[in-house]
Amino acid sequence: MKNEKASLLFTELVGHFLVATPQMNDPQFHQAVIFMCKHDKQTAMGLVLNKPKQNFTFSKLTEKLSFIKPRFEQNRIIYTGGPVEDRRGYILHSDEHLMPDSVKITDEIALSMQVDMLSEIANGIGPAQFKIMLGYTGWAAGQLEEELRQNMWIHVPASPEMIFTDDVSSIWEKALGYCGFNASNLSPQSGWA
């Protein structure tokens, strides 16, 4: 039973949001909402959903890649998925359109990293919902668990509506609301009673 419980700890965060609390002191993750793609004993990996890259659109991304000019979604915002490998692209998308190397994260959400998926999106034949990010957020063994113990993150089940919204100003407060918290009532102080 003990091993079964420990195993759940390392898989329960996949497909969940990590929501930064006021205790999060790293400015890169201030009010961040991260969709967790991987979580096991060795590592954890997620993508920040609410940090748009300033003045960087799908059209500009394809131009930098010397890629075809997109016929569709030219003005789609590109997001910063995290500080690790910030030149590598990640596409979170609905699961009705998969490439051979796409990875299903949940029953509704998949992750792709192929240039072919960008081409499909540019030509209007890609997934119905998607968000393109550069970089990812990663943790070494035990690092995320320690941050959770320090109350830097709250985790809640993810919702596709929040993943794919471009209304990034409300994602953090809505995610906290899923936990029953009101952002205005949270304090940067934490402790144990």
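Computed values, structure above
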read-out	value
Percent of beta bridges antiparallel (DSSP, the chain, rounded to nearest 5)	90 percent
Violating pairs (Cα-Cα greater than 30 angstrom) within the set Lys41/Lys69; Lys64/Lys174; Lys53/Lys104; Lys38/Lys69; Lys38/Lys174	Lys41/Lys69; Lys64/Lys174; Lys38/Lys69
Using a Förster distance of 30 Å, the FRET efficiency for Ser159-Gln42 (Cβ separation, nearest 0.05)	0.60
Alpha-carbon Debye profile of the stretch 87-184, log10 I(q)/I(0) at 0.18 Å⁻¹	-0.99
For Rg and Dmax of the Cα atoms in Å, calculated from these coordinates, the label among [x] 17.1, 59; [y] 20.2, 63; [z] 15.8, 47	[x]
Difference of contour (0.36 nm per residue) and Cα-Cα distance, Leu148 to Gln28	41.5 nm
Sparse-neighbourhood loop sites, GluC sites (Glu not before Pro) in the stretch 91-144 - DSSP loop, at most 16 other Cβ within 10 angstrom	Glu96, Glu108
Choice from Ala158, Ala128, Ala175 with maximal GNM fluctuation in the chain (Cα, 10 Å cutoff)	Ala128
Sites Asp101 and Asn55 - FRET efficiency at Förster radius 30 Å, r taken between beta-carbons, to 0.05	0.50
Under 20 Å from the Ala128 label point (7 Å along Cα→beta-carbon), backbone N, the stretch 147-171	158-167
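No value in this document is a laboratory result; all are computed from the given coordinates. Computed from a predicted structure; not experimentally measured. No Cβ is skipped: glycine too gets one built from the backbone with ideal geometry, and neighbour counts run over all protein chains shown.
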